[in-house]
1. Once phi is turned into θ = phi - 60°, what whole-Hz ³J(HN,Hα) does the Karplus curve with 6.51, -1.76 and 1.60 give for every residue of the stretch 65-76, x standing for Gly and Pro?
2. Which trypsin sites (Lys or Arg not before Pro) in the stretch 96-159 sit in a loop by DSSP (not H, G, I, E or B) and have at most 11 other Cβ atoms within 10 Å of their own Cβ?
3. Roll a 1.4 angstrom probe over the protein heavy atoms and tell me the percent of accessible area of the stretch 1-132 that is carbon or sulfur.
4. For the chain, what is the charge dipole size about the Cα centre, in debye to the nearest 20, if Lys and Arg each add +1 at the Cβ and Asp and Glu each add -1 at the Cβ?
5. List the chymotrypsin sites (Phe, Trp or Tyr not before Pro) in the stretch 66-163 that DSSP assigns to loop (not H, G, I, E or B) and whose Cβ has at most 11 other Cβ atoms within 10 Å. Which are they?
6. Heavy-atom accessible area per residue, the chain, 1.4 Å probe: how many Å²?
7. Just going by the charge dipole of the chain, with Lys and Arg at +1 and Asp and Glu at -1 on Cβ, which of A4, I49, G92 is farthest out on the positive end?
8. Determine ³J(HN,Hα), in whole Hz, for all residues of the stretch 124-134 in sequence, where each value follows from phi through the Karplus function 6.51 cos²θ - 1.76 cosθ + 1.60 and θ = phi - 60°; x replaces Gly and Pro.
Amino acid sequence: MIAAEQQLLALLRERCYREGKVTLSSGEKSDCYFDAKTLFLSSTGASLIGEVLYQRTKGMDIQAIGGLEIGAVPLTTAAVYAYQSNGRTMEGFFVRNEAKKHGTMKIIEGNLWPGSKVVIVDDVATKGGSIMRAIEAVRRAECQPVLIIVLVDRREGAAEVFA
């Protein structure tokens, strides 16, 4: 684990973990919650997220990084900024929950081209449904997901879905 990952993990524990009854996006109830927004909406958190995503993907043959709105948007922004800070370019994208009803009516925002190899990112994975919606949209756009990275895996079935 690189230093940035260790710092990110410490911040996740300090800023994001909360105990108490909550309803997750999957609809299930839980006794704990990870509010990653408190992390990626801070300068330190965004910087660390970008650095970790860059370090995890810099050697890969990929053309874009992104995922489902809203959790993936700040992660994607941090990642593409980290690429630029390291002298490299990278495209970002996000998948809408539903296609726009006006303008371009797109479901995927960003400069994503057919044939692109992409990394899917998200803040928290529980059952994997949100991430699978992003993967399905990317595949419909004729792109190939090659890696999934989440900040927190709640270990409630997402990894098995992705396998």
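The values are calculated or read from the model by the stated rules, or taken from the named source; none is laboratory data. As the structure is a computational prediction, the values presented were derived from the model and not from experiment. So basically every Cβ, Gly included, is an ideal-geometry build from the backbone, and we count neighbours across all protein chains shown. In case anyone asks, the SASA skips ligands and DNA or RNA and just uses the protein heavy atoms, side chains included. Shrake-Rupley method; radii C 1.70, N 1.55, O 1.52, S 1.80 Å.
1. Working through the residues one at a time gives 10, x, x, 6, 4, 9, x, 7, 4, x, 5, 4 Hz.
2. Filter output for the stretch 96-159: K100, K101, R155.
3. Its accessible area is 53 percent carbon and sulfur atoms.
4. Dipole about the Cα centre, nearest 20: 260 debye.
5. Loop-located and lightly packed - none at all.
6. 55
7. Of A4, I49, G92, it is G92.
8. 9, 10, 10, 9, x, x, 5, 5, 5, 5, 5
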